[in-house]
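Worksheet for the structure shown next.
No value in this document is a laboratory result; all are computed from the given coordinates. Note that the coordinates shown come from a computational prediction; the quantities given were computed from them, not determined experimentally. When we count neighbours, we look across all protein chains shown, and the Cβ atoms used for this are built from the backbone with ideal geometry, even at glycine.
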Amino acid sequence: MTSNAAVDQYAVIGFPVKHSRSPFIHSLFAQQTHQQLEYRRLEIAPEQLEEQVTRFFAEGGKGLNVTVPHKQAVINLLKRCSPRATFAGAVNTIIKLPDGTLLGDNTDGIGLLNDLRQNLHCDLRSKRILMLGAGGAARGVIAPLLEQAPKELLIANRTIERATQLVIEFKHLGPIKSASFDDIANMPFDLIINATSASLQGELPPLPSSIVTPHTLCYDMAYGKDDTVFTRWAKQHGALQAVQGWGMLVEQAAESFFLWRGVRPNTQPVLQALLKQS
Ligand code: ATR
């Protein structure tokens, strides 16, 4: 480890990970809150996950963020997981507790909620929400969305069986239903969240334009330098707002920082700095 062992060590692990903005975000949080820490990127191939994670903590590491493709696999290496990580079936934050136990948590859901509620002033109570996609990204945010008591959370997916499976798992938490993309025509929504990985390949699910009204907030969990295909589509169809997931990225990081350091950073200046840099 080529780091300053006197300073608390954190990292984001992924494969690849060189694109990650987490070191930038956490260094700004640390500066702002006067916390002494180092945060770096660690590229770990799947077959080296156990060895590298064990070594990071054996060498004194305090915490990790976990990104693709390790969010599910890392659970097997942890003694304990929070209820929200268990619901999500994925861990994006590992905390080394004072007794040395590694605790897995998931801050993606609260990150999305904080962006929607605090930054975008979107109250989800009694709202009709459409979630596009039924993979890991969708699963991670369903429970916190249902906690907000929406009127309905409809999960639409290319492979309907995956959406139906999520409904079976989460229906005890609130009004959740599944649909195919064909089923959702003429059903306007207050909030549409794109949790498919289609944006990453520059693709868009086959969406009927009738799901968007001038009151609809369209949110893409993906983010990029320019509009994603989904945010461009949303603007073309007259959505109230079309937002990329930069705010969720910063908010989930802020929650991880809070879990590690016990201090809550101010996310707004960090989000502005990130948008300027992107
Ligand atoms: P992640 O962890 O990013 O959610 P995932 O678990 O592989 O990744 O899930 C990807 C999601 O994006 C799925 O809902 C997938 O739909 P299928 O379940 O039908 O595969 C969806 N997806 C990916 N590419 C898509 C495309 N071009 N059109 C529509 N949906 C797409």
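Annotation: peptides 75-82, 219-226, 157-164, ranked by per-residue average of other Cβ atoms within 10 Å with the highest first, follow the order 219-226, 157-164, 75-82. Cross-link partners for LYS225 among the lysines, with Cα-Cα distance under 27 Å and sequence neighbours closer than 8 places in the same chain left out: LYS18, LYS71, LYS235, LYS276. Please work out the Kirkwood hydrodynamic radius for segment 109-244, using every pair of different C-alpha atoms, and report it in angstroms with one decimal place. It is 14.6 Å. When peptides 202-208, 255-261, 103-109 are sorted by average Cβ neighbour count within 10 Å, with the highest value leading, the order is 103-109, 255-261, 202-208. When DSSP assigns beta bridges and you keep just the ones with both residues in the chain, what percent turn out antiparallel, to the nearest 5? Here the share of antiparallel DSSP bridges comes out near 20 percent. Extension gain for GLN32-THR101 works out to 22.0 nm (0.36 nm per residue, less the C-alpha to C-alpha distance).
Sorting 42-49, 232-239, 211-218 by their mean Cβ neighbour count within 10 Å, with the most densely packed peptide first, gives 211-218, 232-239, 42-49.
Compactness check for the chain: Cα Rg over 2.2 N^0.38 Å is 1.01. Positive contributions from Lys and Arg (+1) and negative ones from Asp and Glu (-1), summed over other residues with Cβ under 15 Å from the Cβ of ASP8, come out at +2.
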